[in-house]
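The values are calculated or read from the model by the stated rules, or taken from the named source; none is laboratory data. None of these values were measured; they are calculated from a predicted model. No Cβ is skipped: glycine too gets one built from the backbone with ideal geometry, and neighbour counts run over all protein chains shown.
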Amino acid sequence: MPAIEIILILTLIGGVGALIGGILLLLGKKVSKGLVHLLVSFAAGALLGTAFFELLPEAVEHTEESGGSINVFLWVLLGMLFFYLLDRAIHWFQYHQKVNKGKHTSVNVPLVILGDSVHNFIDGVAIATTYLVNPAAGLITTFATVAHEIPQEIGDFAILLHEGMKRKKVLIINIFSALLSVAGGLLAFFIGEKIEGIIPYSLSLTTGFFLYIALTNLLPEIHHEEKEGYTFWESLFLIFGVLSIWAASVLIPHS
């Protein structure tokens, strides 16, 4: 099967597959808070595992093979800083719209949609970039993407429903947002095929993105939960997330 077709399939899985939790919410099936926190823990582990077992080693190896002098770790740090600034920009606009308009609804809806769309697009780029370098890494990145997007999508669906948006409209908006992962994947495919030299950079930036999401969004959410008994299970699911990526990286044949 041509690489572009596989990338289309993987980015569709990465984008649309993450909507599972939100769709259950729309159908009126209660998604327990405990389950969401366990998913967050697993997702954090999966992202950390993908960053350290797949993306970072691939970036270093690709740099060495090409004889380049790219400082991979510098670009990982730049990736983390870039997504931090992107995050802060969204929060800045949210705060100032609250101050200027004084309306909760006018702030949350467009920013939730914008933030989700940007993340989906970047996820698509990450999936396609890693697949082009190593098909096994692409599969693992897809898995990690779905893992970290499911809890986020549940939260996004809940916010939009809380703001009074109709269920059908929430579903349509999120499907279109999820399809941006395909757009990101196609962009990465056509650029990556023509400019091989950018692959170490894109892998490093993707590593920074995954580390930023895991360390600043997901892990703080885990620490925030104070229910008795959650610490053990969340820690267990975090470790399981890391080990699942390690196992996949060992068992799935690498190119």
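The set of residues from the range 61-79 being assigned to a helix (DSSP H, G or I), surrounded by fewer than 19 Cβ atoms within 10 Å (Cβ to Cβ) and either in contact (Cβ under 8 Å) with a residue 60 or more places away in the chain or of a type in the set (A, V, I, L, M, F, W, C) (or both) comprises F73, L74, L77, L78.
Could you tell me whether T216 is touching a helix residue (DSSP H, G or I) at 6+ places or on another chain (Cβ under 8 Å), buried (at least 21 other Cβ atoms within 10 Å of the Cβ) and among the hydroxyl-bearing types (S, T, Y)? The answer is no for T216.
Please verify whether the range 167-186 includes one or more residues that are surrounded by fewer than 20 Cβ atoms within 10 Å (Cβ to Cβ), closer than 14 Å to T130 by Cα and at pLDDT 80 or above. Talk me through it step by step, then tell me what you get.
Start the filter on the range 167-186 by keeping residues that are surrounded by fewer than 20 Cβ atoms within 10 Å (Cβ to Cβ), which leaves 167-169, 171-173, 175-176, 179, 183, 186.
If we keep only those that are closer than 14 Å to T130 by Cα as well, we get 186.
From what is left, the residues that are at pLDDT 80 or above are 186.
Within the range 167-186, one or more residues are surrounded by fewer than 20 Cβ atoms within 10 Å (Cβ to Cβ), closer than 14 Å to T130 by Cα and at pLDDT 80 or above.
Here the condition is being touching an Asp or Glu at 6+ places or on another chain (Cβ under 9 Å), more than 18 Å from L205 (Cβ to Cβ), at pLDDT below 80 and part of a helix (DSSP H, G or I); of V109, V99, it holds for V109 alone. Residues of the range 221-236 that are surrounded by fewer than 20 Cβ atoms within 10 Å (Cβ to Cβ) and either modelled with pLDDT of 85 or more or of a type in the set (D, E, K, R) (or both): E221, E225, E226, K227, E228, S235, L236. The condition of being modelled with pLDDT of 75 or more, surrounded by fewer than 24 Cβ atoms within 10 Å (Cβ to Cβ), assigned to a helix (DSSP H, G or I) and charged (D, E, K, R) does not hold for E193. The requirement of being buried (at least 16 other Cβ atoms within 10 Å of the Cβ), at pLDDT below 85 and of a type in the set (S, T, Y) is fulfilled somewhere in the range 242-253, by at least one residue. Number of residues in the range 25-60 that are free of Cβ contacts under 8 Å to residues at least 12 places away in the same chain and not polar (S, T, N, Q) equals 8.
Just one of the numbered conditions (1) within 18 Å of the chain's Cα centre (by Cα); (2) more than 13 Å from A46 (Cα to Cα); (3) at pLDDT below 85 is not true of L218: (2).
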